[in-house]
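Worksheet: one structure, shown below.
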Amino acid sequence: MKIAVIGTGYVGLVSGVCFSEFGFNVVCIDNNVAKIAQLDRGDVPIYEPGLDKLMRKNVSARRLSFSTNIAESVASANIVFIAVGTPSNSDGSANLSYVYAVVDEIAEHLGKEVVLVIKSTVPVGTTRSVKKLLGEKGMDVDVAFNPEFLREGAAVDDFMRPDRVILGIEGNRSKKTLMNVYRPLYVFNTPIMFTTLESAELSKYASNAFLAMKVAFINEVADLCESCGADVNDVAIAMGLDKRIGDKFLQAGPGYGGSCFPKDTVALRNFAAKFGAEMSLVNATIRSNQNRRGRMIKKILSACDNEVKGKNISILGVTFKANTDDMRDSPSIEIVNTLANMGANIGIYDPSFSESAKSIFPYVAWNSSVYDNCNGADAIIIITDWTEFRAINFQELKKRVRNPLLIDLRNMYDILDVESSGFRYCCVGRS
Ligand code: NAD
Ligand code: UGA
């Protein structure tokens, strides 16, 4: 079985590496020449725990290679995955131009028995329209949709041990080929579900929107906790003990960000409207999350006595979540820019040393440790809950800061622990 994966981003690269770890022969293709050169040198262009080791292992075993030559790579493949980006258009709809550009580019090079699988997140109807397009070019290709559910930061584990594999198919060739590709997961009894193209496409958006709604819900509960004297951490634990609710995605914070929840909720609303569906809960989720950032800024200002001009603000963590270098739609962008525009002197420490973060905040001081970043600080703000922040020595930190104020937008600590070391502690949904 020879697999070609087009697009070597968070999804394409992880999928390609993991398929090669399953034992298949894989070529990962990208039109970004610099990225492929980096991969050829054995360097992983993204921060994703465990990926570099697995990648080098499979390159050494000669099961994994990289290429910019899309025509040659797909011509010899039995199965081709498309994993390019589907960002938002200005009206919120999914931008499918990268997907269609790939389809256009590969059409005449696909082999007769090939199965073409879309892994990029695409609105309902897209896979069928790709099939139609290929038909119009005289190609009778089996086209399938296989949504990807991995999380950044846990991508390798999520791919190797998924909760489920969803396969939108039409035709026996797709079914046989995809069963073969995911056969290595049978050993874990992974549920593998075959369904229609439309159901598979919608299951991806519905899953992301539901998780986003859970996060927005607990954030609104956190606001209520602040007003009524309850503790959102306790409320979330109490709710999560009900198996029907579950304890995941009930961590209050600065609002969801990342490359997917924001764009996928908006895209779902957009294409649902074309089918005449209102999706009022998705709408409310989007609005609630948009308001969240402003609320966090108000919280910070209020903790700083409504004055940040000339103050030294130490920001800990800027990526949209821990264990990634991804800055797409991170809540930090609005928070840091607002504080900087108000005249604060910003210093940032982020354990990913994200290059994209550096380009987004070129005007700040970048430091290489928590403690260096907090020298002379008037306030410390935690935006991303990197594990290494859990072990911060507050006594040591207190010696370095000018004013012991810790604003923790991720509820990382025990309130008494922090306060007993002399810090004023301002967190989310806990009085
Ligand atoms: P990404 O932006 O990180 O990577 C996309 C890659 O595709 C880039 O390397 C780009 O150079 C390449 N590319 C674009 N056009 C190309 C072309 N014509 N030929 C070859 N390569 C091309 O994207 P991503 O985060 O990996 O997301 C990809 C898709 O997967 C999106 O639809 C996204 O919604 C979905 N998804 C993402 C995640 C995630 O955690 N990031 C999880 C599940 C699903
Ligand atoms: C999410 C989904 O979890 C994946 O299943 C999906 O494949 C992916 O989107 C996608 O389609 O791209 P990801 O964006 O990597 O994965 O990150 P999550 O762990 O889901 O977190 C998303 C956002 O919600 C982050 O900003 C995170 O900080 C926030 N979040 C999450 C909370 O604020 N509280 C929580 O309890 C959980």
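The values are calculated or read from the model by the stated rules, or taken from the named source; none is laboratory data. In this text, all values refer to a predicted model and were calculated from it rather than measured experimentally. Reconstructed Cβ throughout: ideal geometry from the backbone, glycine too, with neighbour counts over all protein chains shown. For the accessible areas, the whole protein counts, side chains as well, though only heavy atoms, and no ligand, DNA or RNA atoms are used. Shrake-Rupley method; radii C 1.70, N 1.55, O 1.52, S 1.80 Å.
Relative to the first principal axis of the alpha-carbon coordinates of the chain, what is the inclination of helix 197-228, with its axis defined by its Cα atoms, in degrees from 0 to 90 and to the nearest 10? For helix 197-228, the angle is close to 10 degrees. Stretched out straight at 0.36 nm per residue, the stretch from Ser60 to Glu198 would grow longer than its current Cα-Cα span by 45.8 nm.
In summary, the convex hull built on the alpha carbon positions of region 196-431 has an orientation-averaged projected area of 14.1 nm². Estimated at the nearest 10 Å², the accessible area of Met179 is 80 Å² with a 1.4 Å probe. Taking Lys and Arg as +1 and Asp and Glu as -1, the other residues whose beta-carbon sits under 12 Å from that of Gly240 total +1. Between the amide H of Arg424 and those of Leu405, Leu406, distances stay under 5 Å, these residues lying 5 or more places away or on another chain, with hydrogens modeled in the peptide plane. Quick one: grab the alpha carbon gyration tensor of region 2-195, order the square roots of its eigenvalues as a ≥ b ≥ c, and give me rounded if a/c is under 1.5, else prolate or oblate depending on whether a/b is larger than b/c. Rounded shape, in that the Cα axes give a/c under 1.5.
Largest accessible area first, the listed residues Arg128, Arg173, Arg244 line up as Arg244, Arg128, Arg173 when surface is computed with a 1.4 Å probe on the assembled protein chains. Taking every alpha-carbon pair under 8 Å whose residues sit at least 6 apart, region 196-431 reaches a relative contact order of 21 percent.
The angle between the Cα long axis of helix 97-106 and the longest principal axis of the Cα atoms of the chain comes to about 30 degrees, rounded to the nearest 10.
For Lys176, the aspartates and glutamates whose Cα falls under 14 Å of its own Cα, not counting residues fewer than eight places away in the same chain, are Glu113, Asp142. The solvent-accessible area of Phe423, taken with every protein chain present and a 1.4 Å probe, is close to 10 Å². Specify the inter-centroid distance of region 366-429 and region 39-117, based on alpha-carbon positions, in whole Å. Cα centres, region 366-429 to region 39-117: 41 Å.
Taken over region 374-431, the ratio of Cα radius of gyration to 2.2 N^0.38 Å equals 1.01. Scalar couplings 3J(HN,Hα) for region 140-157, obtained by applying the Karplus form with A = 6.51, B = -1.76, C = 1.60 to θ = phi - 60°, are 9, 9, 6, 10, 10, 10, 10, x, 10, 10, 5, 9, 5, x, 9, 5, 5, 4 Hz; x denotes Gly and Pro.
In order along region 282-299, the Karplus-derived 3J(HN,Hα) couplings, from 6.51 cos²θ - 1.76 cosθ + 1.60 at θ = phi - 60°, round to 5, 4, 5, 5, 4, 5, 4, 5, 5, 5, 4, 5, x, 4, 5, 5, 4, 4 Hz, and Gly and Pro are given as x. Counting only protein heavy atoms and using a 1.4 Å probe, the accessible area of Ile333 comes to about 50 Å². With everything on Cα atoms, drop me the angle between helix 10-22 and the longest principal axis of the chain, reported from 0 to 90° to the nearest 10. Tilt relative to the chain: about 60 degrees.
Would the chain count as rounded, prolate or oblate if I go by the C-alpha gyration tensor, calling it rounded below 1.5 in a/c and otherwise prolate when a/b exceeds b/c, oblate otherwise? Verdict is prolate for the chain. Please report the antiparallel percentage of the DSSP beta bridges confined to the chain, to the nearest 5. Restricted to the chain, the bridges split so that about 5 percent are antiparallel. The alpha carbon centroids of region 303-345 and region 149-223 are separated by 33 Å. Nearest 500 deg cm²/dmol is fine: what mean residue ellipticity at 222 nm does the chain get from its DSSP H runs of n ≥ 4 alone, each adding -39,500 (n - 2.57), divided by its residue count? The per-residue figure over the chain is -13000 deg cm²/dmol.
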